[in-house]
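Heads up, the thing below is written out as structure tokens.
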Amino acid sequence: MYKIAMHKAVLNKILALLALTLLSASAIAQQLPDFTQLVQKNGPAVVNIQATTTGSDNAQGGQVDPQDVPEIFRRFFGPMGPGGGHPRFDGTRVSVGSGFIISSDGYVLTNNHVVDGADQVTVRLSDRRELDAKVIGTDVDSDVALLKVAASGLPTVAIGDSSKLRPGQWVVAIGSPFNFDHSVTHGIVSYVGRGFGGADQQYVPFIQTDVPINRGNSGGPLFNLDGQVVGINSQIVSNTGSSVGISLAIPINIAMNVVEQLKQYGHVSRGMIGVGIQNLDRAMAKSLGLSSAEGALVRDVSPGSAADKAGVQVGDVILAFDGHTIEQSSDLPPLVGNTKPGTKADLKVFRDGKTLVMPVTVGELPQDKTQLASAGGGAKAKSANALGIVVDDLTAEQRKQLGIKDAQGVVVTDVRGPAAQRTPIQPGDVITMVGRKAVKSAAEFNAAVKDVKPGESVMLLMRRGDATQFVAVTVPKQG
């Protein structure tokens, strides 16, 4: 009888645990969002976009292998592959992407790279109608394109406020991955304001999500739980070209600002203050007297620019722009670029142990801006120093070849020792400053670094072609 009673007790405990598990699962299920109504309401406003490109370049050698695309930024609107497009024998290429209707009279929003170079753009609606679209305007820097179809009474999406997004919030994507129309995926916001600082979309503070996104989703909407568009799905980070859980979307606030400017002016105007910047590391921060490696280190100031007029100098660290903290250099371009030219703002700058506030009037980024080129040169070595960097005076011919008009700078002829070799400095580079002091000769350079003690770091302003960059070199400790 005792064994039977014991078995009954164990059985009762198991049943109780099972009931508790079922109740917990039911409670969790009740807490999970249901996307049914969101999709039913907004699905009709999401469109499939086909971009047709003709020409001999597409017939032979015009296709791009997805594996040749750099793995950091693989836009998931590919020229080849399922749903990404396919070449025809006559050289015509048809590529597929997504978009969404923002006004009942036919304005459609998508990515610039979806329609870039296309001779014909076709928008397919949820009711299977196919309409020719006119490209009203595009903006390469934000990767936004505005289209228009000749129709009225179309279903539209509701536009939300991307500035209210926070990591952890649920989001939903609708699009045409691999040409499967109106596919729905969901996930959470992983990060807001993700910047990269390079030439590619440096003015976009991306929304990072873990929403499964693939080729063909490009240009499609990202919704919040209120059914409002908060972003345009634009890129993924992947080494295969398929989703690995890191998706990037353009904030809808940025996109709608582009839309209004494209409608009104035909192009996008962006703010500019005229500084070249880079990130700080711990060694740089220590050498400058900063407690942390936050901010944007100024490595170049354009003569006559807004920053120049405000008093910004090479070697300054920009800590904030118009009240917005700058944690890394990639935070600054979106803030400045999305500020209307002519706006007055304050720069919070760190210089020589002091924090300064500088009023600045934001200028306008030129429409025909060009990227900086790189070049180098060589010379014979003279003498080394504690940094392990050998420099020589610049000759008049070298200055002419390197495009250096003033008398400032020395040329690197050799890089010796592990500390110097861990930096990007290489022979042919020109060093123009040690800390905040300009150097004009090898003797001045060596004198400027001779008192640097083992374990200490020194800041060097390096020039390669027209590009400049601060580099911190730490003198090795002895022993």
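The values are calculated or read from the model by the stated rules, or taken from the named source; none is laboratory data. On a predicted model such as this, the values are computed, not experimentally measured, just so you know. Because the Cβ atoms are built from the backbone with ideal geometry, glycine has one as well, and the counts that use them run over all protein chains shown. Note: areas computed on protein heavy atoms with side chains; ligands, DNA, RNA excluded. Shrake-Rupley method; radii C 1.70, N 1.55, O 1.52, S 1.80 Å.
Tabulated values for the structure
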read-out	value
Residues of the stretch 416-453 satisfying the condition of being in contact (Cβ under 8 Å) with a residue 60 or more places away in the chain, assigned to a loop (DSSP other than H, G, I, E, B) and more than 31 Å from the chain's Cα centre (by Cα)	Lys450, Val452
Residues (more than 19 Å from Thr52 (Cβ to Cβ) and either at pLDDT below 95 or open to solvent by 30 Å² or more (accessible area, probe 1.4 Å) (or both)) located in the stretch 113-150	Ser126, Asp127, Gly137, Asp139, Val140, Asp141, Ser142, Asp143
Any strands (runs of 3 or more DSSP E) falling wholly within the stretch 210-325 and containing at least 2 residues that are more than 30 Å from Arg463 (Cα to Cα)	221-223, 228-236, 247-251
Which numbered condition Leu402 fails, given (1) among the aliphatic types (A, V, I, L, M); (2) modelled with pLDDT under 80; (3) closer than 18 Å to Ala285 by Cα	(3)
Single unsatisfied condition, Ile102 versus (1) aliphatic (A, V, I, L, M); (2) at pLDDT 95 or above; (3) under 21 Å from the mean Cα position of the chain (by Cα)	(3)
Search result, residues across the stretch 321-338 that are aliphatic (A, V, I, L, M) and over 16 Å from Leu280 (Cβ atoms)	Leu335, Val336
Hey, Val259 among the β-branched types (Val, Ile, Thr), buried (at least 18 other Cβ atoms within 10 Å of the Cβ) and in contact with a Leu (Cβ under 7 Å, 6 or more places away or on another chain) or not	yes
Selection count where residues are under 33 Å from the mean Cα position of the chain (by Cα) and either among the β-branched types (Val, Ile, Thr) or at pLDDT below 75 (or both), scope the stretch 2-55	9
Answer from Phe178, Phe206 - the residue that is open to solvent by 30 Å² or more (accessible area, probe 1.4 Å) and among the aromatic types (Phe, Trp, Tyr)	Phe178
Every residue from the stretch 285-319 that is open to solvent by less than 10 Å² (accessible area, probe 1.4 Å) and hydrophobic (A, V, I, L, M, F, W, C)	Ala285, Ala296, Leu297, Val298, Ala307, Val312, Val317, Ile318
